[in-house]
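Quick notes on the structure that follows.
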Amino acid sequence: MSEITVTRRPHIADQVPALVSVITPPALGALTPLLEPGLAALTAAATVCGSAAFATHYIGKVPENALNATGISDVLTAQRSTLLGSSLLTTMAAAPGAFLGPAYADALLVGFLDPASVSGLVSAAWWSAWGALTYKLRPALAARKVRIPAPAQTVGPGTGALGPQGLFKVWADHISGENGAHPGQHLVGINVADEAWQGIVEAPQGKAVNVTAEAVGSAYRVPAACVTFTPGDHPGEQYVTVRRTPPAELDPTTMEGMWARMVRPKVMPGTHLKDAQVDPATGGWVAWVVADDDVPSVPVPDRKQLVGALRSSMTLVDYQPHASDPRRGKIRIMEKNPLEDGVPFPGPHVLEPSKGGYIAIGRGVSGRAARLQLFDPALGAQHIFIAGVTGSGKGGVVQIVALAAHLAGMAIINGDPKGSSNPDIEQMAAYSATGDATIKSLRVAYALLQYRIKESARLGRKNFKATPTCPWVMVIVDETHMITDASTEEGKEAVFILDKIAALGRNLGMTLLIVNQAVNADKLGGSTALRTNVIQGGAMVMLRTDSAQSNLITVDGFEGIDPGAIPAAWSAEDEPLVWSDDVPLNDPARTFGLGYVGSPGEPVQMMRTWILESAAPHIRHDAIIWPADWPAWEDRHDIAEIPAIGDTGYATSNNTSPSPADDEFMPPLSIQFTKTPAAPTADAAVLACFDDGSLEATKEDIRIITGLNDKTLSNTLTALVKNGAIERLKPGLYRKTP
């Protein structure tokens, strides 16, 4: 026979006598010696009389009518042994204490602390008896779980025990009969299944079916929610379905029930859950949010209200709209966010672009890689916008994207108005300008853009096709708001250049990576076109930032996301209502890199970027790519000094010799991680500095002798040290390896 576990709670009629039996012995034993002599003697006498009465009851000599007069005869009978034991312990403590005073009470109640004495033995025996009494009364003192045989299943009309004839009879007796709830509304067809049965209801000709779910539920003894109707071929016909068990949304312990009770009424009306199941990735639940039949699409939820309705926290709830079906979304409620511990950078292999130009920058809560698109083989370069306040992990995302571009054979032009926000990116870049000189990087990028525009027109190219000598180019602009101040001439120039690259760069193989704290137009020099071209024309990475940014992002999948609600730290312990210095302070873990990423064709979900402290170990200094298709690349430092707008605006070089032809091209996946080494001219020039017999040379001396710029010289020295051709004795001092 099967068993079930039930919780048994004591009735108050049993609990009160039990509590009195446990509390009275030590309480009266301690208090009686402290009373006035007369009152103490009266108390002692009362305990003696009580013991005598309970002893009489124990041996069954108390009259039945006397017990019935108390109203709790059953309790007195059930607890007769414990009541007698309690009264004897009370008499033993109170009676002598009334005459011998507090000394006796102390000896009895705390004498066990001196077990070698007579009083200690007596005290230990007394407390042992009191403990045995309390243990015996435990069922009457507190709730407890017990195993009992499972009750037999009762069979009723709604359980499915009835066959078709029985179902017809119940309908005729209680619904369609003369005395039924809906006379004349007959059940004319029926189909019985395991979980439910379905029938056809017909009304008399000229009348419509008006049978209610309440009437059917009452007749078959099931909740009204188990009864549903669908229209038939005409108003006088309807199909009725009766479930034998209530649907999951009626059970508050299920995810469907929680949704129906807490979310559906106010947060996402007209929706229900489907295929709810345990999510092994998070230890919680995952389900489809589906629009009801009379609702055209799933409403966009307010994430804060959704989290509040589910009684959870912002980092433990993720809602993901379906990329192509407006009637569906995915809800995930987590026990623990798998992103909290972070995911260390697995290695450069995760950054290798797919055939469609996608790279993985981190991991989503579902376990799926969080991807963005660097380029599209058919459409060209894809722009990227990264938004997040200081401390949100913005720099880490930029570093990962830049490393992916570098390893994929893209030429990087870097601009950093803050000045050395990320030195590793400077090491990957073909050209980099920081601080007040950042505008120079944009001028170089703009000159390259102009050249590629003319080359595209000359060659009649419709779509960009990258080659090893005409690579993809990534233009990185960190803290963009610092260089797009429209009140300055350089700010106007920066906005002009960025607008041009955003509008024209895709078809010319030039990716624009905008990195900023916000996406407001006023933070981008007032250019809404720049924001639209970058976000709509590529990928969006949204980290923690201002809540108002959510209204400015029109990319599918970001609806309802509040970037201001992303916490700065993972959920910590609740703050105590009353503070005490005894409460330890635990350091919260930061949520850097936590946010959302959206890219064409990719689902927008909560994600966290790889944890990569420094990209330096993965940089290939011997494979820094530059736009070799541009003949004026050697003049880039001069070009960087010429404003792109105004009377001295830059004009493209007269040297329009075409780059080596290679129109037949697939995205350079096969060569991206095995790059052709750079021309050895710089290496040879540096090594020549040691051929005159010099044992050592400073970096400054080498620069003067070779005429190399600082960037090229630094990269060359690093590569030669790595290859073992020279060795660095100390910073700035080198020696040729013997």
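The values are calculated or read from the model by the stated rules, or taken from the named source; none is laboratory data. If you're wondering where the values come from, they're calculated on a predicted model, not measured in any experiment. Positions of Cβ are generated from backbone atoms using ideal geometry, with glycine treated the same way; all protein chains shown enter the neighbour counts.
Based on this model, can you work out whether residue 258 counts as in a helix (DSSP H, G or I) and either under 22 Å from the mean Cα position of the chain (by Cα) or not charged (D, E, K, R) (or both)? Yes.
Do you know which residues across region 442-460 are over 45 Å from the mean Cα position of the chain (by Cα) and surrounded by fewer than 20 Cβ atoms within 10 Å (Cβ to Cβ)? Scanning region 442-460 gives 454, 455, 456, 457, 458, 459, 460.
As a summary of the residue check, residue 42 satisfies the conditions (1) more than 30 Å from residue 144 (Cα to Cα); (2) in a helix (DSSP H, G or I); (3) in contact with a Ser or Thr (Cβ under 9 Å, 6 or more places away or on another chain) except for the one numbered (3). Within region 401-433, restricting attention to residues that are modelled with pLDDT of 90 or more and among the polar types (S, T, N, Q), which residue is surrounded by the fewest Cβ atoms within 10 Å (Cβ to Cβ)? Checking each candidate, the answer is 427. Return the pairs, sorted by first residue and then second, in which the second residue is hydrophobic (A, V, I, L, M, F, W, C) and assigned to a loop (DSSP other than H, G, I, E, B), the first residue lies in region 262-282 and is in the same structural domain as residue 304 (by TED's automatic domain parsing), the beta carbons are less than 6 Å apart, and the residues are 6+ apart or on different chains. Close Cβ pairs (under 6 Å, with a partner that is hydrophobic (A, V, I, L, M, F, W, C) and assigned to a loop (DSSP other than H, G, I, E, B)) amount to 270/295; 271/298; 282/334.
Restricted to region 361-377, and to residues that are among the small types (Gly, Ala, Ser), in contact (Cβ under 8 Å) with a residue 24 or more places away in the chain and assigned to a strand (DSSP E or B), which residue is surrounded by the most Cβ atoms within 10 Å (Cβ to Cβ)? Quick ask: steps written out before the conclusion?
Here is the first cut: in region 361-377, the residues among the small types (Gly, Ala, Ser) are 362, 364, 366-367, 369-370.
From what is left, the residues that are in contact (Cβ under 8 Å) with a residue 24 or more places away in the chain are 362, 364, 366-367, 370.
Next, from what is left, pick out any that are assigned to a strand (DSSP E or B): 362, 364, 370.
Details: 362: 27, 364: 25, 370: 29.
Looking at the filtered set, the residue picked out is 370.
Looking only at residues in region 68-99 that are free of Cβ contacts under 8 Å to residues at least 60 places away in the same chain and not in a helix (DSSP H, G or I), which one is farthest from residue 58 (Cα to Cα)? Checked region 68-99; the qualifying residue farthest from residue 58 (Cα to Cα) is 71. Among the residues of region 283-316, those identified as free of Cβ contacts under 8 Å to residues at least 24 places away in the same chain and acidic (Asp, Glu) are 292, 293.
Within region 224-244, being in contact with a helix residue (DSSP H, G or I) (Cβ under 8 Å, 6 or more places away or on another chain) and over 22 Å from residue 293 (Cα atoms) holds for one residue alone: 244. Going by the conditions given, is residue 115 outside any helix (DSSP H, G or I) and either touching a residue at least 60 places away in the same chain (Cβ under 8 Å) or under 20 Å from residue 130 (Cα atoms) (or both)? Considered against the rule, which asks whether it is outside any helix (DSSP H, G or I) and either touching a residue at least 60 places away in the same chain (Cβ under 8 Å) or under 20 Å from residue 130 (Cα atoms) (or both), residue 115 comes out as yes. The set of residues in region 100-112 that are under 16 Å from residue 130 (Cα atoms) and touching a residue at least 24 places away in the same chain (Cβ under 8 Å) comprises 105, 108, 109. Out of region 435-471, which residues are closer than 22 Å to residue 408 by Cβ and in contact with a strand residue (DSSP E or B) (Cβ under 8 Å, 6 or more places away or on another chain)? The answer is 441, 444, 445, 448, 449, 452, 463, 464, 466, 471.
Yes/no matrix, rows are residues, columns are (1) of a type outside the set (Gly, Ala, Ser); (2) assigned by TED's automatic domain parsing to the domain that holds residue 619; (3) farther than 15 Å from residue 512 by Cβ; (4) without any contact (Cβ under 8 Å) to a residue 12 or more places away in the chain:
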{"residue": "415", "(1), (2), (3), (4)": "no, yes, no, no"}
{"residue": "433", "(1), (2), (3), (4)": "no, yes, yes, no"}
{"residue": "442", "(1), (2), (3), (4)": "yes, yes, no, no"}
{"residue": "446", "(1), (2), (3), (4)": "yes, yes, no, no"}
{"residue": "451", "(1), (2), (3), (4)": "yes, yes, yes, no"}
{"residue": "457", "(1), (2), (3), (4)": "no, yes, yes, yes"}
{"residue": "467", "(1), (2), (3), (4)": "yes, yes, yes, no"}
{"residue": "486", "(1), (2), (3), (4)": "no, yes, yes, no"}
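Test residue 10 against the criterion of being outside any helix (DSSP H, G or I) and in contact with a helix residue (DSSP H, G or I) (Cβ under 7 Å, 6 or more places away or on another chain), and give yes or no. Before the answer, list the steps.
Numbers: outside any helix (DSSP H, G or I): yes; in contact with a helix residue (DSSP H, G or I) (Cβ under 7 Å, 6 or more places away or on another chain): yes.
Criteria met by residue 10.
It is to be established whether one or more residues within region 46-60 are out of contact with any Cys (no Cβ under 7 Å at 6 or more places or on another chain), under 30 Å from residue 10 (Cα atoms), free of Cβ contacts under 8 Å to residues at least 24 places away in the same chain and of a type in the set (Ser, Thr, Tyr). Checking region 46-60: at least one residue is out of contact with any Cys (no Cβ under 7 Å at 6 or more places or on another chain), under 30 Å from residue 10 (Cα atoms), free of Cβ contacts under 8 Å to residues at least 24 places away in the same chain and of a type in the set (Ser, Thr, Tyr).
Taking the conditions exactly as written (surrounded by 15 or more Cβ atoms within 10 Å (Cβ to Cβ) and of a type in the set (A, V, I, L, M)), does residue 95 satisfy them or not? Explain how you work it out, then say what you get.
Details: surrounded by 15 or more Cβ atoms within 10 Å (Cβ to Cβ): yes; of a type in the set (A, V, I, L, M): yes.
It is true that residue 95 is surrounded by 15 or more Cβ atoms within 10 Å (Cβ to Cβ) and of a type in the set (A, V, I, L, M).
Looking only at region 155-174, decide whether some residue is at negative phi, modelled with pLDDT of 85 or more and of a type in the set (S, T, N, Q). No: region 155-174 contains no residue that is at negative phi, modelled with pLDDT of 85 or more and of a type in the set (S, T, N, Q).
Residues being polar (S, T, N, Q) and part of a loop (DSSP other than H, G, I, E, B): count how many of those fall in region 202-234.
Here is the first cut: in region 202-234, the ones polar (S, T, N, Q) are 205, 210, 212, 218, 228, 230.
So of that shortlist, the ones also part of a loop (DSSP other than H, G, I, E, B) come out as 205, 210, 212.
Residues that pass the stated criteria total 3.
Kindly indicate the residue of region 490-522 that is touching a residue at least 24 places away in the same chain (Cβ under 8 Å) and acidic (Asp, Glu) and also surrounded by the most Cβ atoms within 10 Å (Cβ to Cβ) among those meeting that condition. Checking each candidate, the answer is 493.
When region 363-412 is examined, which residues are found to be among the charged types (D, E, K, R) and over 18 Å from the mean Cα position of the chain (by Cα)? If you could, list the steps in order and put the result at the bottom.
First, the residues of region 363-412 that are among the charged types (D, E, K, R): 363, 368, 371, 376, 394.
Within region 363-412, 376, 394 meet the criteria.
In the set (1) more than 17 Å from residue 20 (Cβ to Cβ); (2) without any contact (Cβ under 8 Å) to a residue 12 or more places away in the chain, the condition left unmet by residue 40 is number (2).
Taking the stated definitions as given, is residue 726 touching a residue at least 40 places away in the same chain (Cβ under 8 Å) and in contact with a helix residue (DSSP H, G or I) (Cβ under 9 Å, 6 or more places away or on another chain)?
Details: touching a residue at least 40 places away in the same chain (Cβ under 8 Å): yes; in contact with a helix residue (DSSP H, G or I) (Cβ under 9 Å, 6 or more places away or on another chain): yes.
Criteria met by residue 726.
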